[in-house]
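Take a look at the structure below.
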Amino acid sequence: MPSVFRWSTFYLAPCNQPKEGNVAGIIGYGVYIPRYRIEQKEPAMAWGSWSGGEKAVSGADEDVVTMAAEAMDNAINHASIEPAEIGAIHMGTTSSPYVEQYVAPILAETLGLNPETTMMDYSGSLNSLANALLGCLDAIAARRIKCGIVIGAEDRATAPGAEGDATFGAGAIAMVVGTTGTIADFEGLHTHSTLFIDRWRAIKDSWVSNWNDYRFDREYGYQSHVAEACKGLMAKLNKKGEDFTHVVFPQPDDRIPSLPAKDLGIERERLAPAISSTLGDLGSCSAFVSLAGVLDKAKPGETILLASYGSGASNAIGLVVRNQITSKRKRGVPLQRYVDRKQYITYTSYMRTREHVKRAPY
């Protein structure tokens, strides 16, 4: 059943009365996308299927930790803050290299943060990055911290020939959140959660599994939950789909965001530009990397409807773009720069890097 997030008046002002310095928002953000690409048709055709577009893949010297660190540095530079100001570091991923070990402390060490900094990992769902964001906002609402950094990175494991072999991409996104110097403020949030199992990876599993029923996953999972979360948020904010300048949904593929958008009466023109055909399915980072692309070009006063989805849970978030986005823009590295910076490799090289194939020992 739907659950309601209890916003604190400390950081959520009435939508028509924003107060600078009192409302939590995004202070700065940064992305990182690996240079390497493979055309999605290569793995698909190798296993008797078809897929269009391309996807970003990590290099031999890259993983979730290194990509997260790159995005984190970009976000801090964009926010124009000192690392010492960060009171919490929250990491969201389904691709952690560890079952029992946090990634957040590794990232904190690269910044030289003091041991009193809150360090947390969120995992187990493609909703993990959204949950990491909500956890950081909770800490701000409780006045335990003044600002924190939320980081997501994905490089999901998949079996050769599986759906994800052609579609799962690699990348990272980081956001500095707080109440001072924001470029986009949070208006509100609504969460819709049910018990719904569409994809999973048990401890004993090496890669992600699903029911191989795309329509079931799409209609009863993604589409239903995203639409319900957004309806709840719109009711709280007394808004309609047409009141949002930009609409950002996760992109397992380029077509699926239009399904909940249609249910909500949102025109396709308001949807964020497609990224899954150029970067692949970025998992828990998908909607937030797409958000970065929107913020790269957004103007003060524009509004954004953002939704996440994973494992039967969706968080719908409303944002309002603020004036500081213009002055800070020159400090950031735009998403498009990473999209354009690419080098194609073969599917064979990709398989070898991921150790799906190995050279004979003689």
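Descriptive notes on the structure:
- Of the residues contained in segment 335-355, none is found to be surrounded by 21 or more Cβ atoms within 10 Å (Cβ to Cβ) and either in contact with a Lys or Arg (Cβ under 6 Å, 6 or more places away or on another chain) or small (Gly, Ala, Ser) (or both).
- Odd one out for ASP263, checked against (1) in contact (Cβ under 8 Å) with a residue 40 or more places away in the chain; (2) surrounded by fewer than 17 Cβ atoms within 10 Å (Cβ to Cβ); (3) on the phi > 0 side of the Ramachandran plot: (3)
- Scanning segment 309-330 for residues being of a type in the set (Ser, Thr, Tyr) and within 10 Å of LYS299 (Cα to Cα) gives a total of 1.
- Any hit, segment 139-153, residues being part of a loop (DSSP other than H, G, I, E, B), under 30 Å from ILE38 (Cβ atoms) and out of contact with any helix residue (DSSP H, G or I) (no Cβ under 9 Å at 6 or more places or on another chain): no
- Taken over segment 220-246, residues that are among the charged types (D, E, K, R), assigned to a loop (DSSP other than H, G, I, E, B) and buried (at least 17 other Cβ atoms within 10 Å of the Cβ) amount to 1.
- Residues in segment 65-95 that are in a helix (DSSP H, G or I), more than 30 Å from VAL208 (Cα to Cα), of a type in the set (A, V, I, L, M) and touching a residue at least 60 places away in the same chain (Cβ under 8 Å): ILE76, ALA79.
- Meets criteria (closer than 29 Å to GLU42 by Cβ, surrounded by 15 or more Cβ atoms within 10 Å (Cβ to Cβ) and at pLDDT 95 or above) for GLY318: no
- Some residue of segment 89-97 being surrounded by 18 or more Cβ atoms within 10 Å (Cβ to Cβ), farther than 19 Å from GLY283 by Cα and in contact with a helix residue (DSSP H, G or I) (Cβ under 8 Å, 6 or more places away or on another chain): yes
- There is no residue in segment 184-201 that is touching an Asp or Glu at 6+ places or on another chain (Cβ under 7 Å) and among the hydroxyl-bearing types (Ser, Thr, Tyr).
- Looking across segment 333-362, the residues that are of a type outside the set (Gly, Ala, Ser) and in a helix (DSSP H, G or I) come down to LEU335, GLN336, ARG337, TYR338, VAL339, ASP340, TYR347, THR348, TYR350, MET351, ARG352, THR353.
- Here ASP340, ASP296 are screened, and the one residue that is closer than 26 Å to THR93 by Cβ, in contact with a helix residue (DSSP H, G or I) (Cβ under 7 Å, 6 or more places away or on another chain) and among the acidic types (Asp, Glu) is ASP296.
- Segment 170-215: number of residues that are over 30 Å from ASP138 (Cα atoms) and either at pLDDT 95 or above or of a type in the set (Asp, Glu) (or both): 2
The values are calculated or read from the model by the stated rules, or taken from the named source; none is laboratory data. Note that the structure is predicted; figures quoted are calculated from it, not measured. Glycine also receives a Cβ, built like all others from the backbone with ideal geometry; neighbour counts cover every protein chain displayed.
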